[in-house]
1. Do any residues in segment 301-323 that are farther than 17 Å from Asp283 by Cα have Cβ atoms under 7 Å from those of residues that are surrounded by fewer than 16 Cβ atoms within 10 Å (Cβ to Cβ), where the two are at least six apart or on different chains, and which pairs are they?
2. Which helices (runs of 4 or more DSSP H) sit wholly inside segment 106-176 and have at least 1 residues that are farther than 24 Å from Gly53 by Cα and modelled with pLDDT of 85 or more?
3. Filter segment 42-68 down to the residues that are in a helix (DSSP H, G or I), surrounded by fewer than 12 Cβ atoms within 10 Å (Cβ to Cβ) and either modelled with pLDDT under 80 or not assigned by TED's automatic domain parsing to the domain that holds Thr114 (or both) and list them by number.
4. Which residues, counting only those in segment 150-164, are without any contact (Cβ under 8 Å) to a residue 12 or more places away in the chain and closer than 19 Å to Leu207 by Cα?
5. Only one residue in Gln255, Gln239 is within 25 Å of the chain's Cα centre (by Cα), polar (S, T, N, Q), at pLDDT 90 or above and not in a loop (DSSP other than H, G, I, E, B). Which one?
6. Can you find even one residue in segment 286-295 that is at pLDDT 90 or above, assigned by TED's automatic domain parsing to the domain that holds Ser226 and in a strand (DSSP E or B)?
7. Residues Leu349, Leu275: which one is part of a loop (DSSP other than H, G, I, E, B) and touching a helix residue (DSSP H, G or I) at 6+ places or on another chain (Cβ under 6 Å)?
Amino acid sequence: MDKNQITPRRSNGIEKESLDILCKKSVALIKSAKATVIRETNFIQILTYYILGKWIIEVQQSGTNRAKYGENVLKVLSDTLNKEFGKGYSVSNLTNMRKFYMTYKDRISEPLVTKLIDEKSQPLVTISDADIPFKLSWTHYLILMRIQDKDERDFYEEFAVRENWGKRELSRQYGSSLYERLLIGKDKQQIMKLARKGRQIEKPEDLIKEPYVLEFLGISERTDFSETELESRLIDHLQEFLLELGTGFTFVARQKRFTFDEDHFRVDLVFYNRLLRCFVVIDLKTEKLKHQDLGQMQMYVNYFDRYEKTEFENPTIGILLCPQKNDAVVELTLPPNSNIYASQYQLYLPDKKLLQQKLQEWIEEETGGEDE
C-alpha cells in the first residue's frame, strides 16, 4: 500500500472518530456560548430596566406634589438619557420600566439586586438558569404587564418560558383566552395547580380545550364550507394549529386510510402526543355532532389501538371537532373511559370578558359562593 494513501479511518494520521468528536464538541460549545451571551444580554437589559423603574419610583415618591413632580422626573430623565445614549428612553418607555418594577418588585430581593449590580460581584455567567428571575424578552414582559390578574399573568409567563413562545405566540394565546378556556371545567385543585405551574399534561382530559379557537384559518363564521376545506385550511396553517392543540403534539398524517372487508375508511387527521405517548386522531365536522359520528370515532380509535400502537404506547385518544355538540348525546353514546372527546371549535377570537364571567360563575357554583 502506498504510504501516502489516506485510509478511511484516518486523516493525516488522526483517527476519524477523534475528528468527529472534536467537531461535534466544538459546535456544541460555540452554540452554548452564543446562547449564554443572548440569555445574559437579555437579562442585563431587563435588570437595567427593573432598577431604573425602582429608582424612578423612589425619586417620584420624594416629591411633595407627586403627580406633577412625577411627570417632571420622567421628562428630565428621558432628556438626559436620550442625549447620552440616543433614542430608546422616551417618557413612555420609562413609564413602562416603572410599571415593570411595580409589577415584579417582589421577585428580586434587595440583597440580590445589590449583588447583581455590584461591579465587584461574580460574573453573570456563573448564575444558573434557576436563579435568573426573568427569562423572557422585554417585549414579552410588555405583553404580560397588560394582564391584571397575577395568577393569569404567571400562567402565561410560565407557558412562554416552557414552550419557548415568541411574542407573536404569546399575544395570540392571550388573545384567544387560553387561560380561561383551560380552566373552565376543571376542579378547584386543578385551577390552583394550573395557575401556579402552567398546563400539566398527565392524562387524556388535560389535552382537551373548550372551545378550540381557529381564527387563523380566515374563514368567516357566516361562510358555508365543507369538511374537506376545513381540513385543507388546517393543514395550510399546521404550525398555528399545533400551537392551538397544545404541548407535545406532532403531525403524523391526513386522510389516514385503512380497510376492512374491502370497505375503505379514512381518518381526517392523525397526531402523536409525545408527553402521553399515544396517537391522537381527529375527525372534523361542519355540522352539529350526531351519535353516528361518535360511533365512527370509536371504530377509528379501536383500529389504532389494535393495529398501529405498540405495547409501549398508551391507548389512542379520539377528538371530534365540531361547531356544536350535545353533551347528553355524547354521554349516552360513549362508554365510560372511552378516551373519546367531543369539543367545539369557533372561527373567531372569544370574548375574553364573557369567558371570564363564565369562569367566575362556574367557580362560584363549584365552591358554593365561598370566598377564594
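The values are calculated or read from the model by the stated rules, or taken from the named source; none is laboratory data. Since the structure is predicted, the reported quantities are computational estimates derived from the model, not experimental observations. Positions of Cβ are generated from backbone atoms using ideal geometry, with glycine treated the same way; all protein chains shown enter the neighbour counts.
1. What qualifies is Glu313/Arg277; Asn314/Arg277.
2. Hits in segment 106-176: 150-163, 167-175.
3. The answer is Ala67, Lys68.
4. Within segment 150-164, just Asn164 meets the criteria.
5. Just a single option satisfies the conditions, and that option is Gln239.
6. Checking segment 286-295: not a single residue is at pLDDT 90 or above, assigned by TED's automatic domain parsing to the domain that holds Ser226 and in a strand (DSSP E or B).
7. Leu349
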